[in-house]
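These notes concern the structure reproduced below.
The values are calculated or read from the model by the stated rules, or taken from the named source; none is laboratory data. Keep in mind that what you see is a predicted model, and the values were worked out from it rather than measured. Ideal geometry is used to build each Cβ from the backbone, glycine not excepted, and the neighbour counts take in all protein chains shown. Protein only, heavy atoms only, side chains kept; ligands, DNA and RNA dropped before computing areas. Shrake-Rupley method; radii C 1.70, N 1.55, O 1.52, S 1.80 Å.
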Amino acid sequence: MKTRVTSFKKSNDKLDVAEADIIVSGGRGLKAPENFKLIEDLADALGGAVGASRAVVDAGWRSHGEQ
């Protein structure tokens, strides 16, 4: 079976972690909430969802839906 990509459309909707094939996740090692921009950019580039550790969610850096 052969396939060929004829176009690529980037979605503006956030993927749900429970339904995503690719999840890029971060934790307290990022040191600050603003550093999650790195995770968001990588997830966008890969067509994936952003995930977060429990510690980050408990600290209020990210929403519970990303855990």
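Listing for the model above:
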quantity: The chain, relative contact order [Cα under 8 Å, separation at least 6], %; calculated: 35 percent
quantity: Using alpha-carbon coordinates, inclination of helix 36-46 to the longest axis of the chain, degrees; calculated: 20 degrees
quantity: Long-range amide H partners of Gly26 with built H, under 5 Å; calculated: Gly51, Ala52, Ser53
quantity: Calculated volume of the Cα convex hull per residue in Å³ (choose from (i) 101; (ii) 122; (iii) 110), label; calculated: (i)
quantity: For the range 52-67, 3J(HN,Hα) per residue [Karplus equation, 6.51 cos²θ - 1.76 cosθ + 1.60, θ = phi - 60°, Hz, x = Gly/Pro]; calculated: 9, 6, 4, 4, 5, 5, 4, 7, x, 6, 9, 6, 4, x, 8, 6
quantity: Loop chymotrypsin sites (Phe, Trp or Tyr not before Pro), the chain, which have at most 15 other Cβ atoms in a 10 Å radius of their Cβ (DSSP); calculated: Phe8
quantity: Pairwise FRET efficiency - Leu46 versus Met1, Cβ, R0 = 30 Å, nearest 0.05; calculated: 0.80
quantity: The chain - accessible surface per residue (Å², probe 1.4 Å); calculated: 81 Å²
quantity: Potential extension, Ala32-Gln67 segment - 0.36 nm per residue separation minus Cα distance; calculated: 10.9 nm
